[in-house]
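Please read the structure below before turning to the comments.
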Amino acid sequence: MAPSVPQQSYRVPGSEEPGYSYTIRHPDCKDSLAIPVLPGTYHDSVFEMLQSSAALYADAPFVGTRSYDRAANKFGGFQWMTYAEVYSRALNIGSGLVRLMQRHVRPGADVSALTRLPLGLYSVNRAEWLLADYAGMSQNMYSVALYDTLGAESIEFILNHAEVEVLVCSLDKIPKILKLREKLPLLKAVVCMDSLSADAPDATLPSPFNTDSVAVLKQWAEAAGVALYDLATLEEMGAAEPVAVRIPKTTDMFCLCYTSGTTGTPKAAMILHSNMAYVQRAVPLLLPRGTHPVSLAYLPLAHIYERSTEVYVMSRGGQIGMYSGNILNVVDDLQTLRPTMFCSVPRLLNRIYDRLVAGTIHAPGLTGVLARRAIGD
């Protein structure tokens, strides 16, 4: 006798129309699109979710980064920041952003005028990306994220179209931005996620950069009329001159999420905090209840799929492990992190499949023989 399987979807009777299929809903929403109220606390903005999680799970691990031995070219385990650490650092960086704007973007502007503004983000997934994102939210700014597959023309278009005046990016992106400087008239300041200190050991900088090349970038930025800071300096500025938190309203912008522009110029989807609040309420309907979420952030945070995953995990007091930066190393990242959930796309699943079969049924020698026999049996 076949096992009983819970109903996974509900077909709304009489919902078919010429040219359209019938409507399918979640079984718990058969009669209404309103999401059932599940046990837990819900909030109207992503920043309020962070505040709540920082209070409820202060000492729990939140954002993790794998350690890296540059000499051995080998990654180790995950090192974690707690919810309290992420929240505290985000507040300081958020205050630093406002002070930076007062100095270089809109000199003399009152703090009250420096809100509901775009904040550019440009790097692969890393802890500093989330810190900058939460920092902007603490002052009711919204993010505009760029990603590696964008060409120079798309980067130029997005930064100008979104009217980005401050960009937070990794060290390797700064030369790309400075090359476009003459085409980015609105850009006033760049904040580097990596250290720009002359005292920073070369081993702490991403290859192939060293303190000499960083010094050249500083001179280049100065000549181009772009204020160049690093995140650590911004954090210190904010700690010295704190600005009161300005919590976004549910109708405020969370982010501008741009397409890749394959059919013309990139298009921006306006994502509100209310949209992300819906994620917090809806995702628990799809996942086993009571599960502690642990997720590997390897899909681009510039895309809404990964952002939605991150918001859900954060709202539930879960853990987000940043991948090591190379998509070919994702399997090792997964084995190290051991996530409880895995969000993916077909392209990556095909890569994982290819790697699995290459090491089993397509493997040479006895390994392949045994694997093929096991599969055949």
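The values are calculated or read from the model by the stated rules, or taken from the named source; none is laboratory data. The structure presented is a predicted model; accordingly, all values stated were derived computationally and were not measured. Because the Cβ atoms are built from the backbone with ideal geometry, glycine has one as well, and the counts that use them run over all protein chains shown. The protein model used for the area step is the full one, side chains on, heavy atoms only, and it has no ligands, DNA or RNA in it. Shrake-Rupley method; radii C 1.70, N 1.55, O 1.52, S 1.80 Å.
Here residue 33 meets each of (1) touching a helix residue (DSSP H, G or I) at 6+ places or on another chain (Cβ under 9 Å); (2) aliphatic (A, V, I, L, M); (3) at pLDDT below 95 with one exception, condition (1). Number of residues in segment 83-120 that are small (Gly, Ala, Ser), assigned to a helix (DSSP H, G or I) and open to solvent by less than 50 Å² (accessible area, probe 1.4 Å): the value is 5. Taken over segment 37-60, the criterion of being under 30 Å from residue 206 (Cα atoms) and open to solvent by 50 Å² or more (accessible area, probe 1.4 Å) is satisfied by 59 alone. The helices (runs of 4 or more DSSP H) falling completely within segment 268-356 that include 3 or more residues that are within 27 Å of residue 158 (Cβ to Cβ), open to solvent by less than 30 Å² (accessible area, probe 1.4 Å) and touching a strand residue (DSSP E or B) at 6+ places or on another chain (Cβ under 7 Å) map to 304-315. Being assigned to a strand (DSSP E or B) and open to solvent by 20 Å² or more (accessible area, probe 1.4 Å) is the requirement here; does residue 374 meet it? In short, no.
Which count do you get for residues in segment 357-370 that are under 37 Å from the mean Cα position of the chain (by Cα) and either under 20 Å from residue 323 (Cα atoms) or in a helix (DSSP H, G or I) (or both)? Of the residues in that region, 2 qualify.
Residue 244 passes every criterion in (1) in a loop (DSSP other than H, G, I, E, B); (2) more than 22 Å from residue 151 (Cα to Cα); (3) open to solvent by less than 60 Å² (accessible area, probe 1.4 Å); (4) of a type in the set (Gly, Ala, Ser) apart from (3).
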